[in-house]
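Values quoted throughout were computed directly from the atomic coordinates according to the rules given, and no laboratory measurement underlies them. Every value quoted in this text rests on a predicted model; they were computed, and no experiment measured them. Positions of Cβ are backbone-derived with ideal geometry, glycine not excepted, and every protein chain shown enters the neighbour counts.
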Amino acid sequence: MVDFALQLEQLTTPILSNSEIRTSDLIALLRQVVVDTETIQSLMQVDESHPYGRRVLLNHPKLEVMVATWTRGVPCAPHDHHDSRSAIRVLQGRSHHRMFQCANGKLRQTLSERKTADEILLCPPYQIHAMGDDGADQPLVTLHVYAGSIDNMVVYGESETLIVSGACGAWIPESDLDVVARTEGHVLRDAIPIL
């Protein structure tokens, strides 16, 4: 079994010394990570009450690293990562990744792609996206790296737009305690009045 914690420390230390973390740094980090089946199993955190279970491995103001274990048949809600740069590597299974644009009170899908083990997908700052398990033989497990932690994410429900706290994932929270702001319809972040 790979000593994943040690490996992660060795790979992230040089990145954290950079004055700015670029998307290319995130991609390089994900490509260098060595992970075997046993390690993936040890990192999984199932949460069937949400689209994914989340295990945060590093939570630094400049860099966040987390593993998501996806619930089959339950994609996350469309959301943005605020001003964070993001890269995601599929560790196991197959993801269905979609990107959206928000205009005239509606979300419009602009991309639909599927990624399998060891493929990387990107999500630039303020990009609205959603993903989920695409039903491959093995359940979807993904490794996420964010340049800058995501404090307040915009999440899109069926008919509303919310800003949720960092404690909430990419879903509509059960409790209003996780809601920072909300408005009817689909709008961009700047159009949401803060509570």
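The angle separating the long axis of helix 4-16 from the principal Cα axis of greatest extent in the chain is about 70 degrees.
Based on other C-beta atoms within 10 Å, arrange TRP171, TRP70 from fewest to most. Kindly include the intermediate steps, with their values, before the conclusion.
On the way: TRP171 19, TRP70 26.
With the sparsest Cβ surroundings first, the list reads TRP171, TRP70.
By definition, a body whose alpha carbon gyration tensor gives a ≥ b ≥ c is prolate when a/c is 1.5 or more and a/b is larger than b/c, and segment 96-195 fits this prolate description. Given segment 4-150, report the % of alpha carbon pairs whose separation exceeds 19 Å. Beyond 19 Å sits 50 percent of the P(r) for segment 4-150. Estimated from helical segments only, the mean residue ellipticity of the chain at 222 nm is -4500 deg cm²/dmol, where each DSSP H run of four or more residues counts as -39500 (n - 2.57).
Springs between Cα atoms under 10 Å define the GNM used for the chain, and in it the highest mean-square fluctuation of ILE163, ILE88, ILE21 occurs at ILE21.
Spin-label model, ALA5 to THR183: label points 7 Å out along the Cα-to-beta-carbon direction sit 4.4 nm apart.
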